[in-house]
Structures are given as C-alpha cells and as structure tokens.
C-alpha cells in the first residue's frame, strides 16, 4: 500500500518562530488532508489540499502532487499550536478511482514554548 | 451544523466483554469511516460505508469486529470478546463526496481500555 512519511517527527519551538512540516507519499493520491490533533485527541481539519497552495491565517500549505509531497507552514507560532500534526492521503488505483479511505503518516509532534 | 459525534467518549471493558461504539455523522453525509488509533500512532482505516452499504471492511483486524449502518445515518462498531490489544481510540469520520470534495471530518473518538 501507499507509504506516508512525515518529518520531522518532533519539533520544539519558541513562541513566535516559524516552521515547516513535510509529508512525502509514495503513490498518486486523490485527496490530501492536514490535521491538528489537539491534546484532547480531536482531529481538527486544517487543509484539504490534493494540489496547489492554500492559506488560512498563520497557516499555509502547498502540495506538489507530481513530486509526491506536501508542506505545512506555520508562522508566528503560538503555544496553542502545540499538538500532533498529521498528513493523510487517499490513494488512487491504476484505474484512476479512489476508495475514500485515508492513510495517515506517523505525525509531527510540535511543542511551542512561551 | 453539528459535527460528528461519538459515544461513549470513554469505555472500560473487561477482557472477554462485548462493546458497542456509536457514531453520528454530519447530517446528510453519505460516506462514513471508522479508524483505530493506537497510542502514539496515526489513525488506521477499519471500514467504510456509503449510505447503508459497507463497501470496504479490509481494515477490520479480526472477525470479532463488526460494523453496521442500517439506515444510512448512525453507525455502530461492535467488538466481541474484547482483548487487551483492542485498547485504542476509535475514530469515526464522515464526508459528502457529492459536493465535489471528499474532505473527511472526524468525531472526538471513543477511548476503549480493555483490562
């Protein structure tokens, strides 16, 4: 099956710093989502971004589908940004269809200190 | 509108007991997914429904796991004769692909502990 690798596995920042999280995937995808899992375990949707670039406040994301990677940028980090960031992809089969299920990476654990 | 809801939020079961976990998807969402998240890991796919039809159950780890969605809305994940390795957070997600996007939205999860 498809492989999803996230880097770095852990990231420690001081409040106000910027960061870039990376997601590499091994096959073509129909869907790519970035999530933030807060300390209570809730997965919060950040971006639905199978290709292109999107921005939402201090966060932005870019997916280059042809090169099979996506980047999540966090600017001016805040303590509330702490948690685990997951990239998840929906693989496409050889016939071009997809089946809906997401394959997740192992996540990046972000800790932002005040 | 309301998001995906799940109940109970926490469940403690003795080994060998049966448990039932409930998911209420976002109203009108035809696609419903169950995932299992072990401690320190990313969620892993269990099963997928389109309306009441279970189209993919390839991720269910054993025949002790059973899921249903009889009326195409609420879904129940049942685990029979629970084992300690079943301890995990069970997440439900829904999506509405007919709107041109299959973005999935997740519930808060049910944390199952088998003692």
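Bear in mind these aren't lab numbers, they're just calculated from the coordinates by the rules spelled out. Predicted model only: the values in this text are computed from it and were never measured. Heads up, the Cβs are rebuilt from the backbone with ideal geometry, glycines too, and the neighbour counts pull from every protein chain shown.
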In whole angstrom, largest first, the equivalent ellipsoid semi-axes that the Cα gyration tensor gives for chain B are 24, 14, 13
Taking the mean number of other Cβ atoms within 10 Å as a proxy for protection, how do you rank B:34-45, B:102-113 from highest to lowest?
B:102-113, B:34-45
Here the alpha-carbon Rg of region A:50-112 over 2.2 N^0.38 Å rounds to 1.31
Calculated Rg and Dmax of chain A using C-alpha coordinates, Å
13.9, 50
Cα-based Rg of region A:25-69 normalised by 2.2 N^0.38 Å, two decimals:
1.26
Test of understanding: ordering B:91, A:71 by Cβ neighbours within 10 Å, fewest first, what list do you get?
A:71, B:91
How many nm separate the modelled label positions at residue B:52 and residue A:48, each set 7 Å beyond the Cα in the direction of the Cβ?
2.7 nm
Inside 10 Å of the C-beta atoms of A:21-31, what's the mean count of C-beta atoms belonging to other chains?
1
Provide the three semi-axes, in whole Å and in decreasing order, of the ellipsoid equivalent to the protein assembly as shown as defined by the square roots of 5 times the Cα gyration tensor eigenvalues.
29, 21, 16
Can you sort B:29, A:113 by how many other beta carbons sit within 10 Å, fewest first?
A:113, B:29
Of A:70, A:26, A:51, which has the largest mean-square fluctuation in a 10 Å C-alpha GNM of chain A?
A:26
Could you work out the relative contact order of chain B? I mean the mean sequence separation of Cα pairs under 8 Å and 6+ apart, divided by the number of residues, in percent.
36 percent
